[in-house]
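K.L.:
Got a structure for you, written out below as C-alpha cells; questions coming shortly.
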Amino acid sequence: MMGRPPNLFCFQSIDKDLAPNLRKYVLEQQNEALKRHEVFRVAVSGGSLPATLATALLAPSSGAEDDKVEFPKWEIFYADERCVPLDHDDSNHKLVKENLLDKIPADMGQPKVYPIDEAHLDDVQEMADQYEKTLVSIFAARDSVKLPLFDLILLGCGPDGHTCSLFPDHPLLRESDAWVLSISDSPKPPPKRITLSLPVVVHGVKIAFVATGGGKASVLKKIFETEEGSKLPCGLVNAGGGEKVSWFCDAPALEGVNFPRRGSVI
Ligand SMILES: O=C1O[C@H](COP(=O)(O)O)[C@@H](O)[C@H](O)[C@H]1O
C-alpha cells in the first residue's frame with residue numbers, strides 16, 4: 001500500500017454505533033463540501049449500503065449545528081447501476097429510493113437525484129456515455145476537468161472484492177480515459193451495468209466503504225493482509241485513495257482481520 005493507509009473502523013453493532021459514526025462522517029463531508037461550493041455531490045452504491053446509509057441519515061438530529069442533513073443541497077449520483085428499469089428489483093436506484101428517498105420526512109426536503117436514463121436500456125455503452133454526459137454537464141466540460149470530483153463516494157465490497165461494478169481481473173480495471181464504463185459480462189447478475197471508473201473513484205475527495213456481516217470476513221482479510229487482495233478492486237481503491245479512504249465495518253466482517261483499527265469518528 002502506497003502512502004498513508006486507509007482508515008479502518010470496527011463497530012460492534014450497525015444500529016448502535018456503526019450508523020451513528022457513519023452519519024457523523026457523512027455530515028462532516030457534507031458540511032465541508034457546502035463550505036467549498038454550496039452543494040454536496042455524492043455517489044452511492046447499491047447492495048447492502050442503502051439500508052445502512054438510511055439508518056444513519058434518517059436518525060433524529062441531535063440539534064447541533066453540524067448534525068443537520070441538508071438534503072436539498074445534496075446531488076446524488078450512482079457509483080454503479082444495473083441496466084434495468086428503475087422500478088426493477090435489481091435497480092440500485094430502486095434500493096436507494098425505497099430505503100432512503102421515500103422515507104425522508106417532507107419537511108427535510110429532497111436531494112436532486114441523477115438516475116440512469118431508461119431510454120438507453122437496450123444499449124449499455126450508450127447508457128454509460130449518456131451518464132458520463134450528465135456528469136460532464138454537472139462537473140464542467142471534460143476539456144477543462146480531467147476527472148469529476150465527487151465530495152464523497154460511498155462504496156460496498158462484494159464477497160469477491162468487487163466494488164461499484166468493477167470486478168476482479170476485469171479489463172475495465174485498466175480503463176483510464178472514460179469516466180463511466182459499461183460492462184456486459186458482469187459475473188454477478190444482472191450482466192449489463194454501468195460503473196464509475198477506478199480513476200474517478202480514487203479521485204473522490206473522500207471515499208467510504210461500508211462492509212458488514214461475517215460473509216465479508218474472508219475477503220476483508222485478503223484485502224487488508226495480502227498482496228493478492230491489494231489487486232482486488234477494493235484493494236486498488238485502498239492503494240489509489242490511501243488515507244482518503246475509510247472503511248466502516250462491523251465486528252463479524254473484521255473477524256480475524258489483522259490490520260490496525262482507528263478509534264470511532266464520534
Ligand atoms: O452488485 C453490486 O454489489 C456491490 C456490493 O454489494 P453488497 O450487497 O455486497 O454490499 C454494490 O456495492 C454495488 O453497488 C452493486 O451493484
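The values are calculated or read from the model by the stated rules, or taken from the named source; none is laboratory data. Bear in mind that the values here come from a model prediction, so they are computed numbers and not experimental data. Backbone-built Cβ (ideal geometry, glycine too); neighbour counts: all protein chains shown.
K.L.:
List, please: which pairs have Cβ atoms under 6 Å, are six or more places apart or on different chains, and start with a residue in region 25-46 that is within 18 Å of Val201 (Cβ to Cβ) and end with one that is at pLDDT below 95?
P.N.:
Pairs found: Tyr25/Val265.
K.L.:
While we're looking at this one, here's another question. In region 184-207, what residues are surrounded by fewer than 24 Cβ atoms within 10 Å (Cβ to Cβ), within 12 Å of the ligand (Cβ to nearest atom) and of a type outside the set (S, T, N, Q)?
P.N.:
Scanning region 184-207 gives Pro187, Lys188, Pro189, Pro190, Pro191, Lys192.
K.L.:
OK, next. Does at least one position in region 242-261 carry a residue that is farther than 20 Å from Leu22 by Cβ, surrounded by 24 or more Cβ atoms within 10 Å (Cβ to Cβ), away from the ligand (no atom under 13 Å from the Cβ) and touching a residue at least 12 places away in the same chain (Cβ under 8 Å)?
P.N.:
no
K.L.:
Among helices (runs of 4 or more DSSP H) lying entirely in region 1-107, which contain 2 or more residues that are in contact with a Gly (Cβ under 6 Å, 6 or more places away or on another chain)?
P.N.:
Qualifying helices (runs of 4 or more DSSP H): 92-99.
K.L.:
Just to verify a result, which residue in region 96-152, among those that are among the hydroxyl-bearing types (Ser, Thr, Tyr) and modelled with pLDDT under 95, is nearest to the chain's Cα centre (by Cα)?
P.N.:
If we take residues in region 96-152 being among the hydroxyl-bearing types (Ser, Thr, Tyr) and modelled with pLDDT under 95, then Ser137 is nearest to the chain's Cα centre (by Cα).
K.L.:
Select from region 44-57 the residues that are farther than 20 Å from Asp89 by Cα and crowded, with 19+ Cβ neighbours inside 10 Å and list them in ascending order.
P.N.:
Ala56, Leu57, listed by residue number.
K.L.:
A further question follows. Only one of (1) away from the ligand (no atom under 13 Å from the Cβ); (2) crowded, with 24+ Cβ neighbours inside 10 Å; (3) more than 27 Å from Asp250 (Cα to Cα) fails for Phe150. Which number is that?
P.N.:
(3)
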